[in-house]
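So the structure is just underneath, and the comments pick up after that.
Since every read-out is calculated from the coordinates, none of them should be taken as a lab result. What you see is a predicted model, and the numbers here were worked out from it, not measured in a lab. Here the Cβ positions follow ideal geometry from the backbone for every residue, glycine too, while neighbour counts run over all protein chains shown.
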Amino acid sequence: MARHLAVILLSGGLDSCVTAAVAAREHELAFLHVKYGQRTESREERAFRALCEHFRPRYQLIVEVPALKAIGGSALTDEKLTVPEEEPDASRIPVTYVPFRNAHFLAIATSWAEVLRAEKIFIGANQVDFSGYPDCRRSFFDAFERAIEEGTRPETHIRIETPLIHLTKAEIVKLGAELKAPFHLTWSCYQREEVACGRCESCRLRRKAFAEAGLEDPIPYEERF
């Protein structure tokens, strides 16, 4: 049976790695990485390239969106804002939210998918154990699918796949382990590039997930639990 091509948005983090492993079961892969001036941009690119070596996608592409850093408004892109190290507050959108980031990423992925004639875009969004970002909800992706239908060629039909959307972070780790996802090649820390800080909200969510899954996180941290 022919394997259809899918574009995978691959940040180099845990969720995108597991999403790539899910997609690899039934699809040919086109890996897309977006650099947007985030604090750990170079480290995330290294993770992306390592994951490309592991998965061997048919296509790979790195693009830049400097507008997101120029716009600012997020601790990930603005050095004047501090990356929070306390437990995430589920009642508010955190300062690490990059305004409408996933819309930019999906627009680029859609353009590339249309050129490649890919039928699906995979993104590792999650709306269970996450930081409260509004552009990580399935309702957002449903709306974006409608925009794709309106804004592409009549023969183009692209679906946005969110295989992790309803999983807890621990369930994502377990799924990745089942699929032999290369966790050791990923990077999640929001503020360090050599040894993960272990304190930012992304590190906290990741470490908690591995602990709940009963597995050891293979990346190094500055600070122990």
Can you compute the FRET efficiency between Ala67 and His4 using 1/(1 + (r/R0)^6), with r the Cβ-Cβ distance and R0 = 41 Å? Round to the nearest 0.05.
0.85
Using Cβ contacts closer than 10 Å as the measure, can you line up Thr152, Thr19, Thr77 from fewest to most?
Thr152, Thr77, Thr19
Given H placed 1.01 Å from N in the peptide plane, which residues other than close sequence neighbours of Gln60 have an amide H under 5 Å from its amide H?
Phe31
Among Glu86, Glu212, which comes first, then next, by fewest other beta-carbon atoms within 10 Å?
Glu86, Glu212
Amide H contacts of Ile160 (H built 1.01 Å from N, under 5 Å, at least 5 apart or other chain)
Ile121
Can you return the aspartates and glutamates within cross-link range of Lys208? Criterion is Cα-Cα under 16 Å, with same-chain partners fewer than 8 residues away left out.
Asp15, Glu85, Glu86, Glu87, Asp89, Asp129, Glu171, Glu216, Asp217, Glu222, Glu223
In nanometres, the difference between 0.36 nm per residue of separation and the alpha-carbon distance of Leu116 and Glu26 is 30.7 nm
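Scan the range 12-81 for GluC sites (Glu not before Pro) in coil per DSSP, keeping those whose Cβ has at most 12 other Cβ atoms within 10 Å, and list them by number.
Details: sites: Glu26, Glu28, Glu41, Glu44, Glu45, Glu53, Glu64, Glu79; in loops: Glu26, Glu79.
Filter output for the range 12-81: Glu26, Glu79.
What value, in deg cm²/dmol to 500, does the helix sum -39500 (n - 2.57) over DSSP H runs of n ≥ 4 give at 222 nm once divided by the residues of the chain? Don't skip to the end; give the middle numbers.
Numbers: 7 runs with 85 residues, N = 225.
Helix contribution divided over all residues of the chain: -12000 deg cm²/dmol.
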